[in-house]
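Scroll down for the structure; my scribbles are underneath it.
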Amino acid sequence: MYLPSHFAESRSEVMHALMQAHPFATLVTQGGMGLSADHLPLHLAAAIGPFGALQGHVARANPLWRNAADSEVLAIFQGPQAYVTPSWYETKRADGKAVPTWNYVCVQAWGRPRIVEDAAWLRRQLDDLTRARESARPHPWAVSDAPQDYIAGQMKVIVGIEIPIERIEGKWKLSQNRPAAD
């Protein structure tokens, strides 16, 4: 990612907050058929390793978990973004020297996935992901609300993925390169 220093965000807690607020990631893998991008929620386990770990699951039928084993993957998290019209800039009114841009925040995290088929780990991952997304609701749903045999059947057709983050970069492109008046 092109990352001029004035847009770089290196604070782990800030990048982690974006990943937690916007957990639906694009996971880029390199397999026998070339590059592939899958879209899935990834739960951040911040206490694992120096940068945290991403935990999720995919359908057993999805080739991602076989293709990604033992190779580096890239998870991309996108936060708020918006078009910025030059009409908002004071410099446009002063001298016309302004062009449109796009402001956005994103985090990219790299690591080597570990495939997890342990039922207890997978159940904890499902519970953590569900709790993170349901906790703000007036009547939060929990995995335990569904019949146990139904959940057991659903768990047989998914595979867990844990990606210890080896490298992480954040980009907060929010017009920091513009004059203060803008």
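Coordinate-derived values only; no laboratory data. Every value quoted in this text rests on a predicted model; they were computed, and no experiment measured them. When we count neighbours, we look across all protein chains shown, and the Cβ atoms used for this are built from the backbone with ideal geometry, even at glycine.
In nm, what is the difference between 0.36 nm times the number of residues separating Met155 and Glu117 and their Cα-Cα distance?
12.7 nm is the gain from fully extending Met155 to Glu117.
Using only helices, what value at 222 nm comes out for the chain when you add -39,500 (n - 2.57) per DSSP H run of length 4 or more and divide by the total residues, to the nearest 500 deg cm²/dmol?
-7000 deg cm²/dmol
Using a simple spin-label model with points 7 Å from Cα along the Cα→Cβ vector, what separation in nm is obtained for Trp141 and Trp88?
With each label placed 7 Å out from Cα toward Cβ, I get 3.6 nm.
Give me the net charge of Cys106's neighbourhood, meaning all other residues with Cβ under 11 Å from the Cβ of Cys106; Lys, Arg count +1, Asp, Glu -1.
That works out to 0.
Cα-Cα pairs above 17 Å in the range 74-145: how many percent? Working shown, then result.
Working: 1804 of 2556 pairs.
Value for the range 74-145: 71 percent of Cα pairs lie more than 17 Å apart.
Counting Lys and Arg as +1 and Asp and Glu as -1, what is the net charge of the other residues whose Cβ lies under 13 Å from the Cβ of Met1?
Residues near Met1 contribute +1 overall.
Rounded to the nearest 20 Debye, what is the dipole magnitude of the range 51-149 about its Cα centre when Lys and Arg each give +1 and Asp and Glu each give -1 at the C-beta?
Using Cβ point charges on Lys, Arg, Asp and Glu, the range 51-149 gives about 300 debye.
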